[in-house]
Structures are given as C-alpha cells and as structure tokens.
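> Encoded as structure tokens, here's the structure I'll be asking about.
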Amino acid sequence: MSWSDFYRRRDALDAVLRAAAGNPAAPLTFDRDLFATEDELLLALHYRWMQQLTGRLGAALEDSDDDRVETVARTWRALAAEQPVLRAVLDAHLTSTEANEREQRMLALTAGLAELSEPGAEIARVGAAFTSLIRTRPAVVAGRHRRLAKSA
C-alpha cells in the first residue's frame, strides 16, 4: 500500500465516522473502491480501535502503579469516551466473531485475568465477561478480578 492509498483509506474511514455521528446504527455509506464490503470497512475501523487501545494500554500500564484490571478498564472507558462514534459504529455493526474475540483476549491477557498458556476460547470467555463488566460498571472494584476470572 502506498502512502497515497494509506491517506485515502484514512480519509475514507474519517468520512464514514463523520457520516455516522448522527446515527451510528444506521447503514454505513463508504467508498466501495477502497473497501469492497462493509465487513472489510468494519475490520479497518476495528483495526483503528485496536491500534489506539493497545497503544494507550501500553502507556497506561507503564505509568500506573494501580491494579492492572483497574488500569485496563479505565483506559478502555477513556478511549470509548474519546472515540464515541467509532465505538458506537463497532458496537452496532461489527459482527466478526474473530475480531471481537481478538479484542476480548487482548483485554483479558493485558488485565492479567488470563495467561497465554490457557486455551484461546477460555481467554476469550474471560475477556468477554471482563468487557461486559467494563461496559456496565463505572469502575471495577479492586480484588474483584479474581472472582471474575473464576465465574466467567
């Protein structure tokens, strides 16, 4: 991909998000010369989300002495607050189980709720429970993460 292609795709993603700002659940309009299908577009948007999330998690964990679960939850929520349209579009449209599980596994592993030696499906299951907790509770109570991993 040339730099020209990179900037065209970036601008196209920005245009999709601007158009979706009024109603993120509405059908998405996009440049089909750049994204052949809506799934391809959504994977590109999810990639954008994951790049931002992983970068912020790395910085947050390095700069914090707080509990890893708290740090990961706080970082996810902060990014969702800063990128509400991106998060809402993904929530409304992303159906890729693989993409969702990739994010869930990353969150579980980064928070220390799972280990790489565990089966991928188990890590994703713990990550799904953690993601649900991040979305529904304003803050994860310290120490509670041990019960989360066992009950997930």
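> If I ask for residues that are of a type outside the set (G, A, S) and surrounded by fewer than 18 Cβ atoms within 10 Å (Cβ to Cβ), which ones from segment 108-130 would you list?
Within segment 108-130, L109, E115, L116, E118, P119, E122 meet the criteria.
> A further question on this structure: Name the one entry in A81, A92, A20 that is buried (at least 18 other Cβ atoms within 10 Å of the Cβ), out of contact with any strand residue (DSSP E or B) (no Cβ under 6 Å at 6 or more places or on another chain) and at pLDDT 95 or above.
Unique residue meeting the criteria: A20.
> Moving on to the next point. Within segment 23-42, take every residue that is surrounded by 14 or more Cβ atoms within 10 Å (Cβ to Cβ) and acidic (D, E) and give me the one that is farthest from L94 (Cα to Cα).
D31
> Tell me, which residue of segment 110-152 that is under 19 Å from the mean Cα position of the chain (by Cα) and polar (S, T, N, Q) is modelled with the lowest pLDDT?
T136
> All but one of (1) within 24 Å of E98 (Cα to Cα); (2) not in a loop (DSSP other than H, G, I, E, B) hold for A26, so report the exception by its number.
Checking A26 against (1) within 24 Å of E98 (Cα to Cα); (2) not in a loop (DSSP other than H, G, I, E, B), the one that fails is (2).
The values are calculated or read from the model by the stated rules, or taken from the named source; none is laboratory data. All values derive from a computational prediction rather than experimental measurement. Cβ: placed from backbone, ideal geometry, glycine included. Neighbour counts: every protein chain shown.
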